[in-house]
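Below is one structure, written out as structure tokens; comments come after it.
The values are calculated or read from the model by the stated rules, or taken from the named source; none is laboratory data. All figures in this text were calculated on a predicted structure; none of them were measured in a lab. As a convention, Cβ positions derive from the backbone with ideal geometry for all residues, glycine included, and neighbour counts pool all protein chains shown. Accessible surface is based on the protein model in full, side chains and every heavy atom, while ligands, DNA and RNA are left aside. Shrake-Rupley method; radii C 1.70, N 1.55, O 1.52, S 1.80 Å.
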Amino acid sequence: MKVVVYSVKDLPEVLQQEPFVSGGQIPISPLRAQAHFHNPRADKSDMVLWCMFDKEKLIAYRLVLPGSLNIDGAAFKMTWLSCLWVDKDHRGKGYGKKLTRLALAHWKNRIAFANAAPASLSLYSNMDGCDVLFDNVGMRYYFSSELATILPTKFSLFKSVDFLLKPIDSVVNSILRFNNIEDEKRVDFELLEKISEETGAFISKHNSENLSQWGKQDFDWLIEHPWVIESSEPNPDVERYHFSIQHPVYRDYYIQVKDGDKIIGLVLLKNKNNHFTVHYIWGEKPGKEKLAHSILYIMSKHRPKTLSIYDEELIQVLDNISFKYLYKKITRQRFMAYSGIPTVNTQNKNLFQYGDADSVFT
């Protein structure tokens, strides 16, 4: 077995090397490689991609996303765990753990992660020095019945009777289509195509508790270099890469509201196949009240399946608005970190927003 490590500066050219040009699996998509290359928080010398080969065949890879946290008023260089893949014929041999340990050693345990898949979470959390950094509690609202999709994946006994669940979903969802989720109050809002200096200043003003402190340059990067796009067109890389490249519906809404000429609220709302998520939100309660109505208005133009929010004040605002949904339940996003990242005071409620880590991209 051979392990090859690539830096940020290598990424745009990685897929032009053997064995990737000859077919088989690829460790990064072209758009993701370009996005990582332009990451404003990365140095070109940062090591980010570990690939394991059996002769010339790629059998495993580990990708990380360089970032920084604001700790005690200073930028602390670190990285986020991102994609981990092991070929199905080589699983159970510890290759994923080995590559992750190599990344941890190189970054001196200055690594964090969030939203890991169950198998990855089990792997990461059982490695030395891993602990909870912040528990992000939110609410998920459900607007459609997905029994035939959800139940068979959670309970094996439903796999053989999914044909009975589909008619139930169809009837419930047909009824729901006659119930518009739009609330009665219509507010003025603006959909931004880019982040202005004024908007960037507003974000910075409301970022005091946030450790990642994403600002104008980060959102400029996100807008200019997405690594997942909205498309239903055939893409040969879909078969060669095991993480998101495109979705039939994939849109970012930067919603801004004002009081006169003054910005009072801003939200980044993502729509992934009609599952809506608030990735970032800034403002005081009056601004969030306007944003809540704006979010519902935008969702009413689609057939929403879910809405996930991790901002306590926005959830409280929505609880006071009369709009239709099937049911809601508490959801959690756990930020984990290794020993190289200093312990932080978790008393503040806004240490991280949902979009921190690489969540905002995928």
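Evaluating Leu15 against the criteria (1) modelled with pLDDT of 95 or more; (2) within 19 Å of Pro236 (Cα to Cα) leaves one unmet condition, (1). List pairs: first residue in the range 232-244 and among the small types (Gly, Ala, Ser), second residue assigned to a loop (DSSP other than H, G, I, E, B) and open to solvent by 60 Å² or more (accessible area, probe 1.4 Å) anywhere in the structure, Cβ distance under 7 angstrom, at least six positions apart or on different chains. Every condition considered, the pairs that remain are Ser232/Pro248. For Tyr253, the conditions (1) assigned to a strand (DSSP E or B); (2) under 30 Å from Gly24 (Cβ atoms) all hold with the exception of (2).
Right, Lys97: crowded, with 16+ Cβ neighbours inside 10 Å, over 25 Å from Gly215 (Cα atoms) and charged (D, E, K, R) or not? When the stated conditions are applied, Lys97 passes them. Look at the range 273-295 and say how many of its residues are surrounded by 18 or more Cβ atoms within 10 Å (Cβ to Cβ) and either in contact with a Phe, Trp or Tyr (Cβ under 6 Å, 6 or more places away or on another chain) or of a type in the set (D, E, K, R) (or both). Count: 5.
Can you pull out the residues in the range 318-338 that are assigned to a loop (DSSP other than H, G, I, E, B) and of a type in the set (A, V, I, L, M, F, W, C)? Hits for the range 318-338 are Ile321, Phe323, Leu326.
Matching residues to (1) over 23 Å from Leu211 (Cα atoms); (2) open to solvent by 60 Å² or more (accessible area, probe 1.4 Å); (3) assigned to a loop (DSSP other than H, G, I, E, B); (4) in contact (Cβ under 8 Å) with a residue 40 or more places away in the chain:
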| residue | (1), (2), (3), (4) |
| --- | --- |
| Asp43 | no, yes, yes, no |
| Leu49 | yes, no, no, yes |
| Pro66 | no, no, no, yes |
| Leu69 | no, no, no, yes |
| Ala75 | no, yes, no, no |
| Met78 | no, no, no, yes |
| Leu81 | no, no, no, yes |
| Asp89 | yes, yes, no, no |
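Could you check Ser294 against (1) small (Gly, Ala, Ser); (2) under 30 Å from His106 (Cβ atoms); (3) not in a loop (DSSP other than H, G, I, E, B) and say which number it fails? Ser294 satisfies every listed condition except (2).
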